[in-house]
Amino acid sequence: MSTATTSFFEPASVTSSGRPVLHQAEVECHLLSSVDIEPEPTTTANSLDFPALKSGLVILTTYRLLWLPSNVTTDNSNPIAIPLSSVTHIFSTKKSIKSMFHSPRIRFQVSIHSRSVVVTLVIRGKGDIDVFLTKFWDCWRGRAWEIGKDSGGGSSSGSVPASGSVSGGGLYSSDGSVRLVGVSGILRKEQEMWESTDKSLQEAFHDLNALMRKAKEMVILAEKMRQKLLSGSSSQSSSGNDEEMGSKEEMQDWLLSVGIVSPVTKESAGAMYHQQLSRQLADFVRIPLEKAGGMINLIDIYCLFNRARGTELISPEDLLQACSLWEKFDVPVMLRKFDSGVKVIQNKSHSDEEVFARIKNLVSKPEALRSGITASDAAMTLGIAPAMAKEHLLTAESKGLLCRDISPDGFRFFINLFPEINSDDIHLVKDHGIYSLWIKSR
């Protein structure tokens, strides 16, 4: 990318999976693929002419218009961001016979540092241009970047009125009611109850967009609290209370699982839904994988991911398809299927040999030589779930490292001694080796 382009447009940051790094309270609204960004030639002194950006992904957010090259890792072009605050005018599209034979175009004017340029988006891929243009207008007029600064992540103008708030926790309003007695009082009370219930339902579900904004505000608030805890713990002296630090880490984990601020949806991503969902999932699983020892069950990720997405739930088929797309992307995670059929997500840096070495060290202990180990024993040593530990033990058995004994109590695994037994003299016991240790432990 040329110097003129980088000096005029802001650089955009992306994650290791190629997803854009959003600002606090910033939300994705729509995506378009195969989009060119071209400047409109002009003779104005303060105008800017920059080289065209070809065939990239355009992501519209509540704060910015992002352009990402088709392949972030290999493409020479760098991701750029156009703040919506710098957009001074959006030109209306005109239908004509000429436009029927050309790629759809969206024109808008950008002014930064007293320099302006008319930018043209040339949409060469598939996508609903009218929906994108409508959301572009809505985001620009909404000026969410100003609301976020003024309120500091507090309630927006679309919040539910206090009279219909559910914070009271009951069916009746908090202003009190006239006490009535007798049959007429019971009927009046019943009528008031139904009227109050009907009013609460109408106010709660009258505007689903307002309801979603309230949910997103809670996610933003949780993220702010987590960042505050992180900054507080880093500035603390080393002589802090361990119990207090542990509770702070617990609180950080809980706030982290509250939700994803801007989940990928079919409405915003369109035909690129599974591709963008796959990239977002690759970013999300990083922390759960670290806590799970580099490998986690697909079912556990499904629950964690859906809990983080809030109301934007995904199906198991969507999750599986998103994981299968990791083979096409340069992401640090992968989907693995064990011989038993269990599917897990693991880091590409995960080493089975390292796990086998720890298992061998565990089964070589005197007590394990006598009675063997269970999946629970391996889980405690490896720091993973018992189900995952059992899969590792079965894999180690298939490699010839272990033998198993099946009893009413379940599976018990022992170290494989057969390679150390001399087939010519099965009674020969060497003075060294695992076989010798096994004999001494009996």
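Computed values, structure above
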| quantity | calculated |
| --- | --- |
| Burial order of peptide ranges 79-88, 314-323 (average beta-carbon count within 10 Å, highest first) | 79-88, 314-323 |
| Per residue, in Å², the accessible surface of the range 329-388 once ligands and nucleic acids are set aside, probe 1.4 Å | 53 Å² |
| With all protein chains modelled, accessible area of residue 62 [1.4 Å, Å²] | 30 Å² |
| Unsatisfied cross-links (Cα-Cα over 25 Å) in the set 365/399; 328/360; 328/399; 343/390; 337/390 | 328/360; 328/399 |
| Protection proxy ranking, peptides 355-368, 383-396, average beta carbon neighbours within 10 Å, highest first | 383-396, 355-368 |
| Accessible area (Å², 1.4 Å probe, nearest 10) - residue 138 | 90 Å² |
| Rg/Rh for the range 325-393, where both radii come from Cα atoms and Rh is the Kirkwood radius | 1.06 |
| Student exercise, the range 262-348 dipole from Lys, Arg, Asp, Glu Cβ charges, in Debye to nearest 20 | 140 debye |
| Heavy-atom accessible area order for 30, 274, largest first, 1.4 Å probe | 274, 30 |
| List 337, 343, ordered by accessible area with a 1.4 Å probe, largest first | 337, 343 |
| Portion, in percent, of the accessible area of the range 286-351 that falls on carbon or sulfur, probe 1.4 Å | 54 percent |
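The values are calculated or read from the model by the stated rules, or taken from the named source; none is laboratory data. Model, not experiment: these values are computed from the prediction. Ideal geometry is used to build each Cβ from the backbone, glycine not excepted, and the neighbour counts take in all protein chains shown. Ligands, DNA and RNA are stripped out before the accessible areas are found, and what is left, the full protein with its side chains, is counted by its heavy atoms. Shrake-Rupley method; radii C 1.70, N 1.55, O 1.52, S 1.80 Å.
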